[in-house]
Amino acid sequence: MTGRARARSRLQITVEESEVVVIGAGQAGLSSAYYLRRFGYEPVVLDAADGPGGAWRHRSPSLTMEKVHGIFDLPGVRRPPGGDGRRPAADVVPGYYAAYERAIGLDVLRPVRVTAVRRGPGERLVVESGSGAWAARAVVNASGTWTRPYWPYYPGRGSFAGRQLHYAWYRGPEEFAGRHVVVVGGGASAMHVLSEVAGVAAATTWVTRRPPVLEEEFFGEQARRAAVAKVEERVRAGFPPQSIVSVTGLRYSVALREALAKGALERLPMFDRIVADGVAWDDGGFVPADTIVWATGFRSALDHLAPLRLREPQGGIRVDGTRVVKEPRLQLVGYGPSASTIGANRAGREAARNVRERLAAPPSRPAA
């Protein structure tokens, strides 16, 4: 399609006006919507999935709640207490999010996949999708990371004769029985895989770019805030965000303890290249493998923001808190320090406050 044809296609889309649009209905998006409603706005909330739960809908059924790195209650409605530790997080968390949407009366439009956000006429940003378009005075982007798994490149990747998969497609240990598995990555995802695959596979090898730091002490509120602050420094300067685990280290979670008990945490430095039947190092080291699991994290899903040209020379998007410096009508939540359960609720509240300040006089909510 030519540029002129694309422009004609955009003109044919009916554009609805809204004060605020929230893109994404995971933890950060729901938190933002909650606080916006508290401040008197009725945001249009768009979600690409066909049901509640955000990225949790797609987690492995073997990831039980007791293995989860941390779940925080959404604002205003606590998770029901109870013994769900052995239930799959892919069932528990989406169930909680669905109940949350009902409890606060939030009508999420789904499935609506946003394709572009552009500067529109006047003071509005136009949010485009295959299901319609909305012209908003403010946009809160909470599109998350799950749809953008990160696959680092290493020489020889295309020559590998075995199977490679990203953690996003990991569905439990059964399919790895009798295999020689290399697990790449130093975070909670790698711990999850190692804790289950070790003892089922014929052999497991764990490799990371940096030596892992195992932290014994309880990861309390003060430590969480310090970790978030370190990631925030980078995005405030316009650099791509680091993962939270890169500044917190690995905690002694259920998964880590299981992997440790199975002898799966004898870490090797990152290999230099991939060969047909394994991975190799320049010093002559070699480990045979027929499967590589890339537990190497995710990147922010922000392609739909490309028309706004927000990237800095350093490669990231400069934000002040949640406000995008180059486009103050846009708030980024679930980005950088809020791309985890640690910071998402706080970011939702901050984004809503920033929207309220920008729009100055919030409209009164209609009577029920």
Residue 272 versus residue 154: modelled label distance in nm, points set 7 Å from Cα along the beta carbon direction | 1.3 nm
Pairwise FRET efficiency - residue 98 versus residue 254, Cβ, R0 = 22 Å, nearest 0.05 = 0.30
Computed FRET efficiency, Cβ-Cβ of residue 326 and residue 299, R0 22 Å: what is it to the nearest 0.05?
-> 0.70
Which order do peptides 282-292, 36-46 fall in by mean Cβ count within 10 Å, highest first?
-> 36-46, 282-292
Among residues other than residue 281 whose Cβ falls under 14 Å from its Cβ, what is the net charge (Lys/Arg +1, Asp/Glu -1)?
-> 0
Pick out, in residue order, every one of the chymotrypsin sites (Phe, Trp or Tyr not before Pro) in region 54-157 that is DSSP loop and has at most 12 other C-beta atoms within 10 Å; say none if there are none.
-> 153
When Lys and Arg each count +1 and Asp and Glu each count -1, what net charge do the other residues less than 13 Å away from residue 173, Cβ to Cβ, add up to?
-> 0
Note on region 275-333: C-alpha Rg/Rh, Kirkwood Rh, two decimals, gives 1.30
Residue 353 and residue 163 label points (each 7 Å along its Cα→Cβ direction) are spaced in nm at 4.8 nm
Scoring only Lys, Arg, Asp and Glu (+1, +1, -1, -1) among other residues with Cβ under 10 Å from the Cβ of residue 186 yields +3
Region 70-123 versus region 147-216: alpha-carbon centroid distance in Å | 29 Å
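Shape of region 25-71 from its Cα gyration tensor (a ≥ b ≥ c, root eigenvalues): rounded if a/c is under 1.5, otherwise prolate when a/b > b/c, or oblate? If you can, show how the numbers build up before the last one.
Working: a/c = 5.13, a/b = 1.97, b/c = 2.60.
Because a/c hits 1.5 or more and a/b fails to exceed b/c, region 25-71 counts as oblate.
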Do you know the relative contact order of region 42-181, to the nearest whole percent, from alpha carbon pairs under 8 angstrom that are 6+ apart?
-> 26 percent
Can you give the convex hull volume per residue for the Cα atoms of region 74-186, as a whole number of Å³?
-> 214 Å³
What are the GluC sites (Glu not before Pro) within region 113-189 that DSSP puts in a loop, where the Cβ has at most 14 other Cβ atoms within 10 Å?
-> 123
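Quick note: the coordinates plus some simple rules give every number you see, no bench work behind them. The structure presented is a predicted model; accordingly, all values stated were derived computationally and were not measured. Positions of Cβ are backbone-derived with ideal geometry, glycine not excepted, and every protein chain shown enters the neighbour counts.
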